[in-house]
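Have a look at the structure below, then the notes.
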Amino acid sequence: MSEMDRRSPKQVAYGLLLLTIGTLGLSFLLAPDGSAAAQVRQSILTGSMEDLDLGNLSIRRFRFAAGSRLSWHTHVNGSQLLMMEDGKGRVQDRGGSVMEMLPNHPFVTLAGVEHWHGAAPDEAGTQWNIYDGIGVPGAVTWGSPVTDDEYNAPVGAANP
C-alpha cells in the first residue's frame, strides 16, 4: 500500500489546502509577467494547470480566544472551508450537532446554510476560513448572536 493510500480524506483535504495556499503564495511572490512563475511550474509540475483568478475569494486566518465565537451567519456565494491550525474550535449548522474542530480536520459549511464557528469554551485556537465573497455586499448574512446555551451544548448535541 502506498503512502497516499494510507491517508484519510481529511489528510488529503488538508494537503490540498496547503498546496493551494502555497501555490497562491508562490504566484504572488513571482514576477507579475508570469515568466518566472512559468519556469517554476515547469520544474515542479507534470501535465498542466491554470492559475485561476481569485475573484472575491477570501482566505482569512483568525485567532479565537477561548469561549469566543461568531454570530449565526450564512455565506450566499458558495461553501466555506474551515480548518483549525492549532487549538480547539467548535462549529454548528443550524439544527445540527455541535462539532469539535481539531487541527488537520477540515469542515465545510454549505452555501446558504446558517452556522457559527469559533473557539472551544476551554481552549483558544487559530482557524483558517476560505470562502467566496470578500468585498461583495450581502455575501455574508449575519444573524443573531449564538447564545451561551447553544455554544455550551455538549459536542454531539443538537440545538433547535
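What follows is calculated from the coordinates using simple rules that are stated; it is not laboratory data. In this text the structure is predicted, and so the values were computed from the model without any measurement. Ideal geometry is used to build each Cβ from the backbone, glycine not excepted, and the neighbour counts take in all protein chains shown.
A P(r) calculated from all alpha carbon pairs of segment 41-160, with 5 Å bins opening at zero, reads 2, 11, 20, 22, 18, 12, 6, 4, 3, 2, 0 percent.
If r is the Cβ-Cβ distance from residue 48 to residue 113 and R0 is 45 Å, what FRET efficiency results, to the nearest 0.05? Let's see the in-between values first.
On the way: r = 35 Å, r/R0 = 0.77.
Efficiency for this residue pair is about 0.85.
Neighbour counts of C-beta atoms inside 10 Å place 128, 142, 116 in the sequence 142, 128, 116, starting with the fewest. With a simple spin-label model that places each label point 7 Å from the Cα along the Cα-to-Cβ direction, the separation between residue 59 and residue 158 comes to 3.6 nm. About its Cα centre, segment 57-151 has a charge dipole of approximately 280 debye under the convention of +1 per Lys or Arg Cβ and -1 per Asp or Glu Cβ, with nothing else charged. As a rough footprinting exposure proxy, the listed residues 50, 150, 123 were ranked by other beta carbons within 10 Å of their own, and the order from fewest upward is 50, 123, 150.
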